[in-house]
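Here's the structure, in structure tokens; my notes come after.
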Amino acid sequence: MLENFWFNVQYGINHVLDPNGYDHVLFLMVLAVPYIFKDWKRVLILVSLFTLGHTLSLVLAAYGIVSVNGKLVEFLIPVTILIAAVYNVFTAGKKERSNKLSLLLFITLFFGLIHGLGFAREFKMFAGQSQNKLELLIEFALGIEIAQIIVVFVVLFLGFLFQTIFRFSKRDWVMVLSAVVVGLVIPMITSSDLLN
């Protein structure tokens, strides 16, 4: 029982940290880059909302409630990352970001739903004929949350290093990392099966 639990949690961790599926990490990078360690509660809420959206779409797909065109979802995932990165570029260094928190929370949840749909087919195969799909989903979601917290911690730590040791301004750090992500997702969008 405990062996299955750890296997499912590890599967969730590996899903996020898989070098071949780095889109998840890119989204977390642009989600976390505007923040510093003292904002950890806000970042944790955003990450948890993303996990919730991801898990909800897996529940809907696992029980056959929702079925979405895989090519469309694979196109939308890098689009969500691009939107978040461009948003960072245009709001870097601006104070009113905190006033738009409720919109950011909603968008993060919505983007989590889209990202979860991208994994739905693989998750259905993983779950197979399992009688405890909900238990499996919760354990998998726990693994996702653990991996996301690791990624976010790394982003916050790198932000701390760049802003204290290398004397980057917060605005420059957000702009540079977001621009790097933009550069990585544009080829993902243009090479999408939906466009070709």
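Filtering the range 56-86 to residues that are of a type in the set (S, T, N, Q) and crowded, with 18+ Cβ neighbours inside 10 Å leaves S57, T80. The residues of the range 113-137 that are out of contact with any helix residue (DSSP H, G or I) (no Cβ under 8 Å at 6 or more places or on another chain) and closer than 17 Å to I13 by Cα, listed by number, are E122, E135. Restricting the range 1-25 to residues that are among the aliphatic types (A, V, I, L, M) and under 16 Å from T51 (Cβ atoms) leaves a set whose member that is surrounded by the most Cβ atoms within 10 Å (Cβ to Cβ) is V16.
I'd like to check something: does the range 5-13 contain any residue that is out of contact with any Asp or Glu (no Cβ under 7 Å at 6 or more places or on another chain), touching a residue at least 24 places away in the same chain (Cβ under 8 Å) and within 17 Å of I81 (Cα to Cα)? Within the range 5-13 (the criterion being out of contact with any Asp or Glu (no Cβ under 7 Å at 6 or more places or on another chain), touching a residue at least 24 places away in the same chain (Cβ under 8 Å) and within 17 Å of I81 (Cα to Cα)), the answer is no, since none of the residues qualifies.
Which one of these is of a type in the set (A, V, I, L, M, F, W, C), farther than 30 Å from F168 by Cβ and more than 12 Å from the chain's Cα centre (by Cα): V66, V86? Reasoning before the result, please.
Details: V86 fails: farther than 30 Å from F168 by Cβ.
Step by step, each of V66, V86 is checked, and only V66 is of a type in the set (A, V, I, L, M, F, W, C), farther than 30 Å from F168 by Cβ and more than 12 Å from the chain's Cα centre (by Cα).
Would it be correct to say that V25 is assigned to a helix (DSSP H, G or I), touching a residue at least 40 places away in the same chain (Cβ under 8 Å) and farther than 16 Å from V185 by Cα? Criteria not met by V25. Pairs linking a residue in the range 91-112 that is within 13 Å of Y35 (Cα to Cα) and of a type outside the set (A, V, I, L, M) to a residue that is modelled with pLDDT under 85 and part of a helix (DSSP H, G or I), with Cβ atoms under 9 Å and 6 or more positions apart or on different chains, are T91/R97; T91/K100.
One line per residue, one yes/no per condition, for (1) under 16 Å from V43 (Cβ atoms); (2) hydroxyl-bearing (S, T, Y); (3) assigned to a helix (DSSP H, G or I):
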{"site": "L82", "(1), (2), (3)": "no, no, yes"}
{"site": "E122", "(1), (2), (3)": "no, no, yes"}
{"site": "Q131", "(1), (2), (3)": "no, no, no"}
{"site": "G143", "(1), (2), (3)": "no, no, yes"}
{"site": "I150", "(1), (2), (3)": "yes, no, yes"}
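Of all residues in the range 158-170, those being in contact (Cβ under 8 Å) with a residue 40 or more places away in the chain and surrounded by fewer than 14 Cβ atoms within 10 Å (Cβ to Cβ) number 2. Just a yes or no: is a residue in the range 167-176 under 22 Å from S57 (Cα atoms), among the charged types (D, E, K, R) and out of contact with any Ser or Thr (no Cβ under 7 Å at 6 or more places or on another chain)? For the range 167-176, residues under 22 Å from S57 (Cα atoms), among the charged types (D, E, K, R) and out of contact with any Ser or Thr (no Cβ under 7 Å at 6 or more places or on another chain): absent.
The values are calculated or read from the model by the stated rules, or taken from the named source; none is laboratory data. Only a predicted model underlies this, so the values are computations on that prediction, with no experimental measurement involved. Using ideal geometry, Cβ is built from the backbone for each residue, glycine included, and neighbour counts are taken over all protein chains shown.
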